[in-house]
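One structure is given below, encoded as structure tokens.
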Amino acid sequence: MRKEFKIENRVIGHAHPCFCVAEMSGNHLQDYGRAVEIMHAAKEAGADAVKLQTYTADSLSVDSDRECFQIHGGLWDGMTEYQLYQEAYTPWDWQPKLQEVAKKLGLICFSSPFDHAAVDFMAAHQMPAYKIASYEINDIPLIRKVAALHKPVIFATGVAYAQDIERALQVCKEEGNEEIILLKCVSAYPTPYEEINLNMIPALAETYDCLVGLSDHSMGSVVPVASIPLGVKMVEKHLTLRRADGGPDGAFSMEPQEFKEMVDHIRIVEKALGNAEYKLTRKQEQEHNGSRSLFVVKDIKAGEKITPENVRSIRPHAGLHTMHYEEVLGQTAVQDIEKGTPLAWHMLSK
């Protein structure tokens, strides 16, 4: 798989900053004006992109009260699948307009398709990337249709078995598409910290030889920030204006200030990580001059011996290296040496 590629004008790769994505999901609450507000909030919070979801309730489920369609427990307890998707979906006619808003703001806008019609719709509107939700990672015809477009494909792996990931990647390879990101995620809303298993991130990268990211549904920013040293090149978090406003995903979504703090902390960690080469920075080189060396700490007359009483290791680094301490002891001064003088070889004679 390719280790560097573009989503629109943004390069994704090991040598580039993490791609920070705000997931709008159903946090627009069926209000287009609020959806636009979320786009602006994402920009102000430092997001690189906003992600939408392209589906209808009818493309994901059927309107039925049968037990298999009932949701038990969690945030959506008591709803049917169909009712949830009706409440959460993003009207398709909004999406081209939201793309225009994103363009004006300097944001990338892409989406998750959930059926073939959604893929066609996204392609018609030239969306620059396609995210496959983890519940769709076993939909091989859908993945093949997406891969054939030769746009970057982002796979969530929340409910995926290893064979699901392998099969999805194989389909992409067959279609000649190797612009892939695998997202570590857990499909629990919100996700308990003990179920996240961030240590799987480098294992995903090594096993599948591709770029990796994180789709995080836990509360706060600790988990995404902690994922940066593990190699993630994309972080996705749900964004809402105010959790108190409710909505299907509101309870585990970030508010704008929280998203901004997350992005700021990610950028700090990226700077702090630097590289693995053991080499002093320019500042460290300057500070090295403050380290210890050998100094005359008591006036010495010509002909006197060097002893622990008249030469010691002290700061700064202006005299002989301290590794020569045992060597200079017992040597004779060939000149008068004043207290506070950095010791040098020309002052001594064996």
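The values are calculated or read from the model by the stated rules, or taken from the named source; none is laboratory data. Keep in mind that what you see is a predicted model, and the values were worked out from it rather than measured. Cβ coordinates were reconstructed from backbone atoms using ideal geometry, including for glycine residues, and neighbour counts include every protein chain displayed. Ligands, DNA and RNA are excluded from the accessible area calculation, which covers all protein heavy atoms including side chains. Shrake-Rupley method; radii C 1.70, N 1.55, O 1.52, S 1.80 Å.
Looking at the range 125-136, I want the residues that are part of a loop (DSSP other than H, G, I, E, B) and at pLDDT 95 or above and have a partner that is of a type in the set (Ser, Thr, Tyr) and open to solvent by less than 10 Å² (accessible area, probe 1.4 Å) with Cβ atoms under 8 Å, at least 6 apart or on another chain. Which pairs are those?
Met127/Ser111; Ala133/Ser112
Does Lys104 satisfy being open to solvent by 50 Å² or more (accessible area, probe 1.4 Å), assigned to a helix (DSSP H, G or I) and within 14 Å of His125 (Cα to Cα)?
Considered against the rule, which asks whether it is open to solvent by 50 Å² or more (accessible area, probe 1.4 Å), assigned to a helix (DSSP H, G or I) and within 14 Å of His125 (Cα to Cα), Lys104 comes out as no.
Scan the range 174-187 residue by residue and report those that are within 21 Å of the chain's Cα centre (by Cα) and free of Cβ contacts under 8 Å to residues at least 60 places away in the same chain.
Passing the criteria: Leu182, Leu183, Lys184, Cys185, Val186, Ser187.
Scan (1) in a loop (DSSP other than H, G, I, E, B); (2) touching a Lys or Arg at 6+ places or on another chain (Cβ under 7 Å); (3) surrounded by 21 or more Cβ atoms within 10 Å (Cβ to Cβ) for the single condition Gly46 breaks and write down its number.
Gly46 satisfies every listed condition except (3).
Tally up the residues in the range 25-42 that are at negative phi and of a type in the set (S, T, N, Q), please.
Residues in the range 25-42 being at negative phi and of a type in the set (S, T, N, Q): 1 in total.
I need the full set of residues from the range 65-101 which are open to solvent by 20 Å² or more (accessible area, probe 1.4 Å), under 22 Å from Ala42 (Cβ atoms) and either modelled with pLDDT under 95 or part of a helix (DSSP H, G or I) (or both), in order please.
Within the range 65-101, Glu87, Tyr89, Trp94, Pro96, Lys97, Gln99, Glu100, Val101 meet the criteria.
Of the conditions (1) surrounded by fewer than 17 Cβ atoms within 10 Å (Cβ to Cβ); (2) closer than 26 Å to Cys210 by Cα, Cys18 fails just one. Which one is it?
Answer for Cys18: the failing condition is (1).
Would a scan of the range 274-290 turn up a residue that is touching a residue at least 12 places away in the same chain (Cβ under 8 Å) and outside any helix (DSSP H, G or I)?
Among the residues of the range 274-290, at least one is touching a residue at least 12 places away in the same chain (Cβ under 8 Å) and outside any helix (DSSP H, G or I), which makes the answer yes.
Of the residues in the range 294-311, how many are in a strand (DSSP E or B) and not aromatic (Phe, Trp, Tyr)?
Qualifying residue count for the region: 5.
Assess whether Lys51 counts as being in contact with a Cys (Cβ under 9 Å, 6 or more places away or on another chain) and open to solvent by 50 Å² or more (accessible area, probe 1.4 Å).
The answer is no for Lys51.
If the requirement is being under 21 Å from the mean Cα position of the chain (by Cα) and of a type in the set (A, V, I, L, M, F, W, C), which of these qualifies: Ala57, Ala88, Ala45, Ala35? Give the derivation first.
Working: Ala57 fails: under 21 Å from the mean Cα position of the chain (by Cα); Ala88 fails: under 21 Å from the mean Cα position of the chain (by Cα); Ala35 fails: under 21 Å from the mean Cα position of the chain (by Cα).
Among Ala57, Ala88, Ala45, Ala35, only Ala45 is under 21 Å from the mean Cα position of the chain (by Cα) and of a type in the set (A, V, I, L, M, F, W, C).
Kindly indicate the residue of the range 114-130 that is in contact with a strand residue (DSSP E or B) (Cβ under 8 Å, 6 or more places away or on another chain) and not aromatic (Phe, Trp, Tyr) and also surrounded by the most Cβ atoms within 10 Å (Cβ to Cβ) among those meeting that condition.
Looking at the filtered set, the residue picked out is Ala129.
Could you give me the residue pairs with C-beta distances under 8 Å whose first residue belongs to the range 23-37 and is hydroxyl-bearing (Ser, Thr, Tyr), whose second residue is at pLDDT 95 or above and open to solvent by 40 Å² or more (accessible area, probe 1.4 Å) wherever it lies, and which are 6+ apart or on separate chains?
Partner pairs satisfying both residue conditions: Tyr32/Lys97.
Can you pull out the residues in the range 140-154 that are β-branched (Val, Ile, Thr) and either part of a loop (DSSP other than H, G, I, E, B) or buried (at least 22 other Cβ atoms within 10 Å of the Cβ) (or both)? Quick ask: steps written out before the conclusion?
Quick first cut of the range 140-154, residues β-branched (Val, Ile, Thr) only: 140, 143, 146, 153-154.
Those that are β-branched (Val, Ile, Thr) and either part of a loop (DSSP other than H, G, I, E, B) or buried (at least 22 other Cβ atoms within 10 Å of the Cβ) (or both): Ile143, Val146, Val153, Ile154.
Picking from Ala302, Ala344, Ala333, which residue would you name as being in contact with a strand residue (DSSP E or B) (Cβ under 6 Å, 6 or more places away or on another chain), open to solvent by less than 50 Å² (accessible area, probe 1.4 Å) and of a type outside the set (S, T, N, Q)?
Going through Ala302, Ala344, Ala333 in turn, the sole match is Ala333.
Name the residues in the range 269-287 that are open to solvent by 80 Å² or more (accessible area, probe 1.4 Å) and more than 16 Å from the chain's Cα centre (by Cα), would you?
Going through the range 269-287, the residues open to solvent by 80 Å² or more (accessible area, probe 1.4 Å) turn out to be 271-273, 275-279, 282-287.
Of everything in the range 269-287, those that are open to solvent by 80 Å² or more (accessible area, probe 1.4 Å) and more than 16 Å from the chain's Cα centre (by Cα) turn out to be Asn275, Ala276, Glu277, Tyr278, Lys279, Arg282, Lys283, Gln284, Glu285, Gln286, Glu287.
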